[in-house]
Amino acid sequence: MTHPGTAYRTVIGLEVHVQLLTRTKLFCGCSTQFGLPPNSATCPVCLGMPGVLPVMNRRAFELALKAALALNCKIAPFTKWDRKNYYYPDLPKNYQISQYDLPFSLGGWLDIETLAGSRRVRIIRVHLEEDAGKSLHDESGGGGHSRVDLNRAGTPLLEIVSEPDITSPEEARAYLEEIRLLLRELELSDCEMQEGSLRCDANVNVHIPGPDGSFAATPIVEVKNLNSIAAVERAMRYEAQRQFEEFQKTGKKLGEMPKATAGWDEDKRMTRVQRRKEEASDYRYFPEPDLVPVTVSAERVEEIRAGLGELPAAQRARLQSQHGLSGYDAGVLSRQGRSFVAYFEQVVQKGGDAKEACNWATNEVLQTLNERKLAIKDFPISASALADLIAEIKAKGLNKQRAREVYGEMLTGSTAKDAMAKLGFKVVADEGQLRDLIRRAIAANAKAVADFKKGKTKAADAIKGAVMRETKGMAKTDLVQKLLLEELQKA
Ligand SMILES: [Zn+2]
């Protein structure tokens, strides 16, 4: 199906690389800490000196298993390491230790939330490999020297390869956001794209429908150098349109041109097709002779699976079924992480109405956390205090403006009741007093009363508004409504 308003369908498969949160590298004891002085976190193993032997970091492997299980992959009982041969200055061994034909996991999926509802993206494989170092090129145009920092060489890197199931730039964004949420929630990676702990390459082409129900596919381009999730979305939109326009001119289809690589230029907001893509055979993979294969027992897999806890997709489904929230509201809550969802659920448990609790949590609470750069655990209003506020609002018919003022006062540590007393908010709920005010308002608004009598029920709002002004917004609204209708019958 093409998207409305477009003449083609975008097809995207993503290859995501994620640095795992281990203290030390994958095959040596060097630190993985970001931002250390260049080349200070290195040793003969990660520098690729001759005669040294790698030793697998068991912790990294366990974290990788956890990620693969969270992505619904099947775990292989037997897996091995392979050498991927290539030479770049940032890879002093001349090969990268990776996994080729027997990755530790295969065949999973990830459910993502889109505007059109929940969608499933299949995962081909998740494997583990070591990261390369970083080349630093002098871009001043002066000396022209390039330097290399090998601190990153050997950092455990998880590669997550999706099927080309992603059908729009927006879905690509949703998929990456979901991976980031999942891996952060499980404390497997900090997923900072700016620091390079989450990186993404995208394979993209477009399908252009023909008159007879068939379609033409354009040659696939692999887009690299995507430094933010927003950049991925922009690059996909640009590249899809570029391929469509190129197809209009050349008519070249998939298979008629070799697969190309393109870099994304974020400043110019365009892709640049660079060079022919290496084929797998160019890397001359062969089994890594210095490392033993890894076996994983079914019991261990089940232990890890049991320890995953509730994952975001399941959590969203539960928030909808258990609390009657919309898919959108469940998504907003879930994106804030488990502790935030736990706070929301405590408010509900303490008696707060779920929809109201969700509104307060995702509006005022979230805004306060962002403004004050606080985590939910440091938020000054306890779940039961917020539940009290919600109950007070309902019982006293407090309007939104007044409720926000009470909330503001509660941020200093007051209970809802104390905050209202402090602000001098005394709700007018005395029937006699309110009836008196209503009668006077009716007398002063003859036109509105006449309109109401003619069947314009909205006209009653003007009279109600006068009463609310008279009480500075503190009249109990449902009581005013009830008494006003009674008095209007008599008027
Ligand atoms: Zn090292």
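The values are calculated or read from the model by the stated rules, or taken from the named source; none is laboratory data. Please read these numbers as outputs of a predicted model, since none were measured by experiment. Cβ placement follows ideal geometry from the backbone for every residue including glycine, while neighbour counts extend to all protein chains displayed. Each accessible area value is taken on the protein alone, full model and side chains, heavy atoms only, with ligands, DNA and RNA left out. Shrake-Rupley method; radii C 1.70, N 1.55, O 1.52, S 1.80 Å.
Might you check whether a residue that is buried (at least 16 other Cβ atoms within 10 Å of the Cβ) and in contact with a Lys or Arg (Cβ under 7 Å, 6 or more places away or on another chain) occurs anywhere in region 373-383? There is at least one residue in region 373-383 that is buried (at least 16 other Cβ atoms within 10 Å of the Cβ) and in contact with a Lys or Arg (Cβ under 7 Å, 6 or more places away or on another chain). In the set (1) within 16 Å of the ligand (Cβ to nearest atom); (2) open to solvent by 10 Å² or more (accessible area, probe 1.4 Å); (3) under 25 Å from Ser146 (Cβ atoms); (4) not in a loop (DSSP other than H, G, I, E, B), the condition left unmet by Ile97 is number (2). If you go through region 79-111 and pick out every residue that is more than 30 Å from Glu178 (Cβ to Cβ) and hydrophobic (A, V, I, L, M, F, W, C), you end up with 1. Every residue in region 100-158 that is in a loop (DSSP other than H, G, I, E, B), surrounded by fewer than 16 Cβ atoms within 10 Å (Cβ to Cβ) and touching a residue at least 40 places away in the same chain (Cβ under 8 Å), please. Listed by number, the residues that qualify are Asp101, Leu115. Counting residues in region 102-123 that are within 16 Å of the ligand (Cβ to nearest atom), more than 23 Å from the chain's Cα centre (by Cα) and under 25 Å from Thr79 (Cα atoms) gives zero. Identify the single condition in (1) surrounded by fewer than 23 Cβ atoms within 10 Å (Cβ to Cβ); (2) within 31 Å of the chain's Cα centre (by Cα); (3) within 13 Å of the ligand (Cβ to nearest atom) that His17 does not satisfy, given that it satisfies every other one. His17 satisfies all of (1) surrounded by fewer than 23 Cβ atoms within 10 Å (Cβ to Cβ); (2) within 31 Å of the chain's Cα centre (by Cα); (3) within 13 Å of the ligand (Cβ to nearest atom) except (3).
Which one is nearest to Val480 (Cα to Cα), of the residues in region 414-430 that are outside any loop (DSSP other than H, G, I, E, B) and open to solvent by 80 Å² or more (accessible area, probe 1.4 Å)? Filtering first and then ranking leaves Lys417. When region 26-68 is filtered for residues that are among the aliphatic types (A, V, I, L, M), more than 10 Å from the ligand (Cβ to nearest atom) and either in contact with a Ser or Thr (Cβ under 8 Å, 6 or more places away or on another chain) or under 30 Å from Ser297 (Cβ atoms) (or both), the ones remaining, listed by number, are Leu53, Val55, Met56, Ala60, Leu63, Ala64, Leu65, Ala67, Ala68. When you scan region 476-484, do you find a residue that is open to solvent by 60 Å² or more (accessible area, probe 1.4 Å) and of a type in the set (A, V, I, L, M, F, W, C), even just one? No. Of the residues Leu291, Leu374, Leu319, the single one that is on the phi < 0 side of the Ramachandran plot and assigned to a helix (DSSP H, G or I) is Leu319.
Only a single item in (1) in a helix (DSSP H, G or I); (2) among the polar types (S, T, N, Q); (3) out of contact with any strand residue (DSSP E or B) (no Cβ under 8 Å at 6 or more places or on another chain) is not met by Gln243, and it is number (3).
One residue alone among Ser197, Ser162 is more than 16 Å from the ligand (Cβ to nearest atom) and either modelled with pLDDT of 95 or more or open to solvent by 10 Å² or more (accessible area, probe 1.4 Å) (or both), and that residue is Ser162.
Restricting the first member to region 21-37 and to residues that are small (Gly, Ala, Ser), and the second to residues that are open to solvent by less than 20 Å² (accessible area, probe 1.4 Å) and within 13 Å of the ligand (Cβ to nearest atom), the beta-carbon pairs closer than 7 Å and six or more apart or on different chains are Ser31/Ala41.
In region 291-313, is there at least one residue being over 18 Å from Asn205 (Cα atoms), of a type in the set (Ser, Thr, Tyr) and more than 28 Å from the chain's Cα centre (by Cα)? Within region 291-313 (the criterion being over 18 Å from Asn205 (Cα atoms), of a type in the set (Ser, Thr, Tyr) and more than 28 Å from the chain's Cα centre (by Cα)), the answer is yes, since at least one residue qualifies. Within region 66-90, the set of residues being within 22 Å of Asp290 (Cα to Cα) and surrounded by 15 or more Cβ atoms within 10 Å (Cβ to Cβ) comprises Ala76, Thr79, Lys80, Trp81, Asp82, Arg83, Lys84, Asn85, Asp90.
Conditions tested, residue by residue: (1) open to solvent by less than 20 Å² (accessible area, probe 1.4 Å); (2) part of a loop (DSSP other than H, G, I, E, B); (3) closer than 26 Å to Val341 by Cα.
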residue	(1), (2), (3)
Glu405	no, no, yes
Thr412	no, yes, yes
Ile438	yes, no, no
Ala441	yes, no, no
Asp461	no, no, no
